Amino acid sequence: MVQGAHPDWNRAQMTALFSDTPDGETRRAVLREYFDTNRITTAHLGLEMGYDYADAGSVTSDGTPRPPQDPLGLEYEQTARPGSRLPHAWLTEDGTRTGTHRLHRAPGSFLLLAGAEGTAWVEAARLLARRYGVRIDAYAVGGEGAVADPKAGGGSCGATTSTARSWSAPTGS
């Protein structure tokens with residue numbers, strides 16, 4: 001596909017790429033080789049997602065070690081450590097599949113994900129939100145609320161026990 005090219009030409013290129021023909025097979029092999037040999041310029045998950053603010057003065061450590069960093073910046077290991085990007089996990093909200101990042105409802109809001117028995121954390125977040133006039137979206141994942149973890153236990157979104165919590169500050173992501 002070429003930006004600015006006629007849509008019919010681009011469509012023809014994609015059709016040829018995915019066709020079940022020797023030409024399609026060759027095109028796919030060339031494309032695969034391109035991405036395999038240019039991995040360092042096209043696959044930067046470690047650089048793009050692996051940054052953290054753990055050393056910032058406003059971040060309090062939870063005592064867990066940082067995950068190992070890939071020196072090339074290609075690999076990325078999600079973590080719920082303070083100062084890290086909110087981990088992605090598939091949850092359900094009112095029976096509909098959603099990701100953890102979609103629970104951040106508004107730019108500049110805070111997000112609290114508590115375990116199934118973390119309603120006290122949710123209530124505390126609501127109290128703080130009212131008292132200080134900040135937006136805090138708070139959920140007890142798997143509890144009585146509308147958000148559930150289909151893998152159960154809350155572990156997929158950083159919580160490791162029924163009362164554990166993950167907190168995400170507003171970062172724009």
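The simple spin-label model puts a point 7 Å past each Cα toward its Cβ; for Leu31 and Val2 those points are separated by 1.7 nm.
Each residue of the range 92-105 was assigned a 3J(HN,Hα) from its phi angle through the Karplus expression (A = 6.51, B = -1.76, C = 1.60, θ = phi - 60°), giving 10, 10, 6, x, 9, 5, 8, x, 4, 5, 6, 7, 6, 6 Hz with x at Gly and Pro. Rounded to whole numbers, the Karplus 3J(HN,Hα) couplings from phi for the range 108-117 are x, 7, 9, 10, 10, 10, 9, x, 4, 9 Hz, using 6.51 cos²θ - 1.76 cosθ + 1.60 with θ = phi - 60°, and x at Gly and Pro.
Checking (1) 19.1; (2) 20.2; (3) 16.5 against Kirkwood radius over Cα pairs in Å calculated from these atoms, the matching label is (1). Return the carbon/sulfur percentage of the accessible area of the range 1-123, one whole number, probe 1.4 Å, all protein chains in place. In the range 1-123, the share of accessible area belonging to carbon and sulfur is 56 percent. Averaged per residue, the chain has 66 square angstrom of accessible surface, using a 1.4 angstrom probe with ligands and nucleic acids left out.
With angles folded into 0 to 90 degrees, how steeply does helix 119-132 sit against the dominant principal axis of the chain? Use alpha carbons for both and round to 10. Between the helix axis and the principal axis of the chain, the angle is about 80 degrees.
Shape annotation for the range 2-100: C-alpha extents along the principal axes are 56, 41, 26 Å, from largest to smallest. Database remark: amide H of Phe110 closer than 5 angstrom to the amide H of Arg135, Ile136, Asp137 (H placed geometrically; neighbours at sequence offset of 5 or more, or on other chains; Pro and chain starts carry no H).
Considering the range 85-152, its Cα convex hull presents a mean projected area of 4.6 nm².
Secondary structure note: in the chain, about 70% of the DSSP beta bridges are antiparallel.
Whole-Hz Karplus values for the range 42-58 come out as 10, 10, 10, 3, x, 6, 7, 10, x, 5, 8, 10, 4, 8, 5, x, 8 Hz, taken residue by residue from phi with 6.51 cos²θ - 1.76 cosθ + 1.60 and θ = phi - 60°; glycine and proline positions read x. Size check on the range 16-67: the Cα extents along the three principal axes, sorted descending, read 58, 17, 16 Å. Mean-square fluctuation check for the chain, GNM, Cα pairs under 10 Å: which of Val122, Val147, Val134 is largest? Looking only at Val122, Val147, Val134, the largest GNM fluctuation is found for Val134. Using a Gaussian network model of the chain in which every pair of alpha carbons under 10 angstrom is joined by a spring, one finds that among Ser58, Ser84, Ser19 the greatest mean-square fluctuation is at Ser19. For the range 47-118, the calculated P(r) over all alpha carbon pairs, in 10 Å bins from 0 to the bin holding the longest distance, is 16, 42, 34, 8, 0 percent. For the range 1-116, the relative contact order is 15 percent, taking Cα pairs closer than 8 Å that sit 6 or more residues apart in sequence and dividing their mean separation by the residue count.
The listed residues Arg11, Arg126, once ranked by accessible area (1.4 Å probe) with the largest placed first, stand as Arg11, Arg126.
The values are calculated or read from the model by the stated rules, or taken from the named source; none is laboratory data. From a predicted model like this one, the values you see are computed outputs, not experimental measurements. Don't worry about glycine lacking a Cβ; one is built from the backbone with ideal geometry, like all the others, and counts go over all protein chains shown. Each accessible area value is taken on the protein alone, full model and side chains, heavy atoms only, with ligands, DNA and RNA left out. Shrake-Rupley method; radii C 1.70, N 1.55, O 1.52, S 1.80 Å.
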